[in-house]
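**Student:** Quick one: this structure, given as structure tokens, is what I'll be asking you about.
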Amino acid sequence: MSLLKRLQSQNSEPVDSAPCVKEVAANKFQELVQKIHREVIKEIGSDNFNPQKEGEVRSRELEEDTRKIAELMLEKEAEFYTRNDKEEIIMQVEDEVFGFGPITPLLRDETISEIMVNGPKQVYIERRGKLEPSKVVFRDNNHLYTIIERIISPLGRRIDESMPMVDARLPDGSRVNAIIPPLALNGCVLTIRKFSSQLLKVEHLVKNNTLTLSMARFLEACVRGRLNIIVSGGTGAGKTSTLNIISSFIPHDERIVTIEDSAELDLNQDHVISLETRPANIDNRGEISIRDLVRNSLRMRPDRLVVGEVRGGEALDMLQAMNTGHDGSLTTGHSNSPRDMISRLETMVLMAGIDLPIRAIREQICSAIDIIVHQSRLQDGSRKITHITEVLGMEGDIITLQNVFIFDKTGINEQGKVQGKHRSTGLNPKCMEKLASMGISLPGDFFNP
């Protein structure tokens, strides 16, 4: 007999004993949600639900059937729940069936930029650059593990004891990292870096005081003038978002190849080829690294290479590409300052396994990189481009740098907001000669402080 008919014909028989109101409030109706979820899956079939294919299979009929089953089961416990409680329970059931369980409301919240699940009973979020605890919890570690598998399985990724770490992405492009026991001692750990559903533009950065209009105009000139640019900064500083915005300055008549670990860039040009790395399979074979993709991309006739991030030996291949005719390439890297980015590039080139003298490496870096854009996340959670720095050349064995724009921090106000302003250093960039040769010019007083 159908569950719908069975429930309708058993009005006198309670489905199950309802927990008291205080317990329900404490555990967010988890036991009842779990029970209704099991009944929905049993009645309709688990094969019909896949959150990664929402547009294809989440039909109106499935939604209506799910809601009807939940409403019929809740009728048995009407005296224990208010109308708002019932609606909350039904929403949680729908999130469990069609979405990603308890974190689904957090994924919908546009003000949240990061979700950090530290085991089943502790979830933190980042909102406007600040961490805060969330009331969201999972039933247990198995529940959290099930949600992780639901995220990664449609992507052909796996996570188990033999491969307890995985990188993946959600359908909206949000970046996902998961790590499970025995590596994670607190239970399964899930971290989701969300990306705004609204494609950011340079106007948004100017409005948020991440940079000034003058800085934006200079960066646009550098991109159109085919200078090689690296965006540096710490974790969570907003490097990828800035790279995406800077990439929007690339002319539409150029062929762009993007290379990433997990595809995050969203360029609006017409001629874009997006490449993504592949992890090793169960036999530890078949891995395709960023370095492999950089090498292959050179045979794809790119006008521009945009590498999501260099963090190892691929830095050497990227530098060689920049030095062999692929001008105007863009990438990001982790560092604490522009000078630190140069040191890290030296280290990453050495990781390529080729025995090169330090001077030769520095000459490669000096001739390849033109501009370093350094971005920081400040104490108040705001993100600002603190340096736009030009790589000038070599003096002896040292690479010389020159700041074009900087952010002067003056203090913190009573509300905890960082005070300061962007300013030009008053030095004319050496790259203006190259830009002028390409017909790109800026006003004579553009770099006056």
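Just so it is clear, none of the values below were taken in a lab; they were calculated from the coordinates. None of these values were measured; they are calculated from a predicted model. No Cβ is skipped: glycine too gets one built from the backbone with ideal geometry, and neighbour counts run over all protein chains shown.
**Student:** Whole Å is fine, so just give me how far the alpha carbon centre of the stretch 322-338 lies from that of the stretch 231-258.
**Tutor:** 11 Å
**Student:** What are the equivalent ellipsoid semi-axes of the stretch 202-437, built from the alpha-carbon gyration tensor (square roots of five times its eigenvalues), in whole angstrom, biggest first?
**Tutor:** Details: eigenvalues 157, 86, 72 Å².
Largest first, the stretch 202-437 gives 28, 21, 19 Å.
**Student:** Okay, moving on. Rounding to the nearest 20 debye, state how big the charge dipole of the stretch 342-442 is about its Cα centre with +1 on each Lys and Arg Cβ and -1 on each Asp and Glu Cβ.
**Tutor:** Computed about the Cα centre, the dipole is about 440 debye.
**Student:** Run the numbers on the stretch 108-187 and let me know its relative contact order in percent, using alpha-carbon pairs under 8 Å that are six or more apart.
**Tutor:** 20 percent
**Student:** How large is Rg/Rh for the chain, to two decimals, with Cα atoms and a Kirkwood Rh? Before the final figure, lay out each step's value.
**Tutor:** Details: Rg = 26.3 Å, Rh = 24.9 Å.
Ratio value, two decimals: 1.06.
**Student:** Could you identify which residue out of L378, L345, L330 has the top mean-square fluctuation in a GNM of the chain using Cα springs shorter than 10 Å?
**Tutor:** L378
**Student:** Sticking with this structure for a sec: Given springs between every Cα pair under 10 Å in a Gaussian network model of the chain, which of L356, L227, L401 has the largest fluctuation?
**Tutor:** For the chain, modelled as a Gaussian network with Cα springs under 10 Å, the answer is L356.
**Student:** Okay, moving on. Just to be sure I understand: with springs between alpha-carbon atoms less than 10 Å apart, which residue in E126, E220, E254 has the highest mean-square fluctuation in the Gaussian network model of the chain?
**Tutor:** Greatest mean-square fluctuation among the candidates belongs to E254.
**Student:** State the answer as a single residue: which of I358, L392, N336 lies farthest towards the positive end of the charge dipole of the chain, with beta carbon charges of +1 for Lys and Arg and -1 for Asp and Glu, about the Cα centre.
**Tutor:** Value: L392.
**Student:** Could you work out [θ]222 nm for the chain from helices alone, using -39500 (n - 2.57) per DSSP H run of at least four and dividing by all its residues? Round to the nearest 500 deg cm²/dmol.
**Tutor:** Result for the chain, helices only: -10000 deg cm²/dmol.
**Student:** Say the cut-off is 22 Å between C-alpha atoms; which of K201/K434; K135/K201; K35/K121; K68/K121; K384/K409 go over it?
**Tutor:** K201/K434; K135/K201; K68/K121
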